[in-house]
Amino acid sequence: MTTTQTGDDDRRYRPVPVLHPARTWVAITEYGNAASRQPSSSLGLGAAVRVGDAVLRCPPTGMAGEAERPRMHRITVGAVEIVSLYDEAFLFDPQRVWPDAGAGIEAYRNQLEPDGQLGMDCLCFLLRAEGQTVLVDTGLGPESNGQLMDELRAAGIAPEEVDQVVFTHLHGDHTGWNLDRQSGQPLFPRATYLVPKGDWDDQTTKSQPSASFTRDVAPLRLLDRMELIEDGYVLGPSFTAIHTPGHTPGHTSIAVTSNGEQALILGDVFLTPIDVQEPDWSSTFDSDMDVARTTRHAILDRLETSGELVAPAHVRSPGFGRIMRVEGRRVWRPVS
Ligand SMILES: [Zn+2]
């Protein structure tokens, strides 16, 4: 998804940073050039507070699946430990995410919030193999009161331990915790930041790169902390970059292989379990809908065939699952 506020990629969606209690929802209030502001009273979950243009939603304590829901979550694939790290949550109008869905969205009512909004989490993933620590994506960042750094701390991982930060793509909800806002220095002081070349080229050839790119990514080159990566780039013995374009030109997933097991850190190839069942519904988040649809089908085919673990960036925390076929239909099956 793209979530920053200016630039060609960013005009369609404008999440607004909000103050942060235990858990927040960032209500997406604008799509395209048309504003779609939601009165806080229309939001069905718990308290709602308007902060500037944002509507902050705090699920009521005790709501099933919310207040008690664990955040970071560990799983192992062979000798690799994968930790899902929660940064933030979003709400969207599903009709605006999938304009072609029409009344078809009603079939998925049980996957929406009680008020009909579509909830997504913003997750990052930490990969640990012997001698190597990799962080996949860096969330929305401090302006949204994202929790990535707290999650890392709670997981017992110091920023200095991260060897590589790799981006699935360069939308602002994946690059927010790159740099310290005061010092301008990398928040992961030892890390090399691995940037998909297709996205770098896309942003650097635009007349107006996205605000998040200018803030979070472009300085990495001046700091000499960046390396451009393409399909097949080997991060280490267990981790390989795979070009999965469409959401953005250079969108990249990270394949994990260890001791005969495998997993895929997916990024935004699909955003929700609904996309798994409706892969032909175009998402307005995708920069090239046709390429994204082709990639989505290919990856879902792979995941169903292999049965491997998959970790998308925006499926609700903890964000691990598998693709299975049930009664002839492909579905997301969460793993915890
Ligand atoms: Zn995203």
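The values are calculated or read from the model by the stated rules, or taken from the named source; none is laboratory data. If you're wondering where the values come from, they're calculated on a predicted model, not measured in any experiment. Every residue, glycine among them, receives a Cβ derived from its backbone with ideal geometry; neighbour counts consider all protein chains shown.
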### Query
Taking the stretch 143-171 only, how many residues are more than 16 Å from the chain's Cα centre (by Cα) and either in a helix (DSSP H, G or I) or surrounded by fewer than 21 Cβ atoms within 10 Å (Cβ to Cβ) (or both)?
13
## Note on the structure
When the stretch 236-281 is checked residue by residue, the ones that are away from the ligand (no atom under 16 Å from the Cβ), over 25 Å from A191 (Cα atoms), polar (S, T, N, Q) and in a loop (DSSP other than H, G, I, E, B) are N259
### Task
Collect the residues in the stretch 163-176 that are of a type in the set (S, T, N, Q) and either within 16 Å of the ligand (Cβ to nearest atom) or within 17 Å of A311 (Cα to Cα) (or both), keeping them in residue-number order.
T168, T175
### Qualifying position, being touching an Asp or Glu at 6+ places or on another chain (Cβ under 9 Å) and over 18 Å from G328 (Cα atoms), among A311, A292
A292
### Query
Which of the residues that make up the stretch 178-196 are over 16 Å from D163 (Cβ atoms) and within 16 Å of the ligand (Cβ to nearest atom)?
P196
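If you go through the stretch 285-304, how many residues are within 13 Å of the ligand (Cβ to nearest atom) and part of a loop (DSSP other than H, G, I, E, B)? I'd like the intermediate steps shown before the answer.
The first filter runs over the stretch 285-304 and keeps only residues within 13 Å of the ligand (Cβ to nearest atom), leaving 285-287, 292.
Okay, now just the ones that are also part of a loop (DSSP other than H, G, I, E, B), so 285-287.
Adding up the residues that qualify gives 3.
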### Task
Looking only at the stretch 139-162, decide whether some residue is closer than 23 Å to Q262 by Cβ and within 15 Å of the ligand (Cβ to nearest atom).
no
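From the list Q132, Q182, which residue is surrounded by fewer than 24 Cβ atoms within 10 Å (Cβ to Cβ), farther than 20 Å from L223 by Cβ and modelled with pLDDT of 95 or more?
Working: Q182 fails: farther than 20 Å from L223 by Cβ.
Testing whether each residue is surrounded by fewer than 24 Cβ atoms within 10 Å (Cβ to Cβ), farther than 20 Å from L223 by Cβ and modelled with pLDDT of 95 or more leaves just Q132.
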